[in-house]
C-alpha cells in the first residue's frame with residue numbers, strides 16, 4: 001500500500017497519469033517474502049504456512065488472526081523476555097492444537113494449559129504432530145514468537161527446515177499416521 005501511494009503521488013507531482021494496469025500487474029507479481037506468511041503448500045486439505053520470521057507477540061497475533069476457522073500453531077524457541085501470556089486469548093480462539101518446540105516448551109505449556117498442547121522434539125516431529133492434531137480445512141502455522149537460536153542458526157534456517165519437513169511429509173519420507 002505504501003508503495004502504491006508513493007508511486008501515485010510521484011505521478012501526480014510530475015503531472016503524469018499513472019498506468020494502473022501496470023501498477024496492478026506489479027502488485028500481483030509480488031509473491032511475498034520468504035518466511036513471512038509464506039505458503040509452503042497444501043496436503044490432505046491442510047494449508048501449511050511458514051511464518052518463521054514472526055519472533056514477536058504482535059507478529060504472531062496478526063498471523064493467528066489469519067486462521068479462518070481453526071488451525072494448529074507451532075510456537076516456541078528462545079524467548080526474548082516478552083509477556084507471552086498476552087497470546088493466550090487470541091491463540092485459544094483459533095488453535096485446535098498448539099505444538100510447542102524448543103527451550104520455551106515448558107513456558108508455553110503453562111501459558112496454554114487447558115488447551116490441546118503437544119510437545120515436539122524437532123521440526124519434523126512438529127509437522128507430524130500438527131498433522132495428527134489437525135482436520136481437513138485447517139491451517140498449520142509456524143509462527144514461533146521466539147528467536148530460533150536454541151535449535152537453529154537463524155529464523156531463515158528454521159523456516160527452511162519447516163518447508164523441508166513439509167516436503168518430506170508430502171513425499172511420504174516421514175509418516176504422520
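The values are calculated or read from the model by the stated rules, or taken from the named source; none is laboratory data. Keep in mind the model is a prediction, meaning the values are calculated, not measured. Cβ: placed from backbone, ideal geometry, glycine included. Neighbour counts: every protein chain shown.
Taking the conditions exactly as written (more than 16 Å from residue 54 (Cα to Cα) and touching a strand residue (DSSP E or B) at 6+ places or on another chain (Cβ under 8 Å)), does residue 68 satisfy them or not?
Here the answer is yes, as residue 68 does meet what is asked.
Tell me the residue from 106, 156 that is assigned by TED's automatic domain parsing to the domain that holds residue 40, within 16 Å of the chain's Cα centre (by Cα) and either surrounded by fewer than 15 Cβ atoms within 10 Å (Cβ to Cβ) or part of a loop (DSSP other than H, G, I, E, B) (or both), please.
So the residue among 106, 156 that is assigned by TED's automatic domain parsing to the domain that holds residue 40, within 16 Å of the chain's Cα centre (by Cα) and either surrounded by fewer than 15 Cβ atoms within 10 Å (Cβ to Cβ) or part of a loop (DSSP other than H, G, I, E, B) (or both) is 156.
How many residues, within the range 56-110, are free of Cβ contacts under 8 Å to residues at least 24 places away in the same chain and farther than 26 Å from residue 135 by Cα?
2
May I ask you to say which residue of 6, 1 is surrounded by fewer than 13 Cβ atoms within 10 Å (Cβ to Cβ), farther than 30 Å from residue 127 by Cα and at pLDDT below 90?
Exactly one residue qualifies, and that residue is 1.
Go through the range 132-153 and report how many residues are under 17 Å from residue 119 (Cα atoms) and within 15 Å of the chain's Cα centre (by Cα).
Here the count works out to 8.
Given the structure, is residue 53 exposed (fewer than 14 other Cβ atoms within 10 Å of the Cβ), out of contact with any strand residue (DSSP E or B) (no Cβ under 6 Å at 6 or more places or on another chain) and in contact (Cβ under 8 Å) with a residue 24 or more places away in the chain?
No: the conditions fail for residue 53.
Residues of the range 161-177 being surrounded by fewer than 19 Cβ atoms within 10 Å (Cβ to Cβ), in a helix (DSSP H, G or I) and out of contact with any helix residue (DSSP H, G or I) (no Cβ under 9 Å at 6 or more places or on another chain), which ones?
Of everything in the range 161-177, those that are surrounded by fewer than 19 Cβ atoms within 10 Å (Cβ to Cβ), in a helix (DSSP H, G or I) and out of contact with any helix residue (DSSP H, G or I) (no Cβ under 9 Å at 6 or more places or on another chain) turn out to be 167, 170, 171.
Can you tell me which of 127, 117 is surrounded by fewer than 21 Cβ atoms within 10 Å (Cβ to Cβ), in contact with a strand residue (DSSP E or B) (Cβ under 9 Å, 6 or more places away or on another chain) and touching a residue at least 12 places away in the same chain (Cβ under 8 Å)? Give the steps one after another, and end with the answer.
On the way: 127 fails: surrounded by fewer than 21 Cβ atoms within 10 Å (Cβ to Cβ).
Sole residue among the options that is surrounded by fewer than 21 Cβ atoms within 10 Å (Cβ to Cβ), in contact with a strand residue (DSSP E or B) (Cβ under 9 Å, 6 or more places away or on another chain) and touching a residue at least 12 places away in the same chain (Cβ under 8 Å): 117.
Answer yes or no: is there a residue in the range 120-135 that is in contact with a helix residue (DSSP H, G or I) (Cβ under 9 Å, 6 or more places away or on another chain) and not in a helix (DSSP H, G or I).
Yes.
Restricting attention to the range 146-160, does a residue exist that is touching a helix residue (DSSP H, G or I) at 6+ places or on another chain (Cβ under 9 Å) and within 19 Å of residue 67 (Cα to Cα)?
No, every residue in the range 146-160 fails to be touching a helix residue (DSSP H, G or I) at 6+ places or on another chain (Cβ under 9 Å) and within 19 Å of residue 67 (Cα to Cα).
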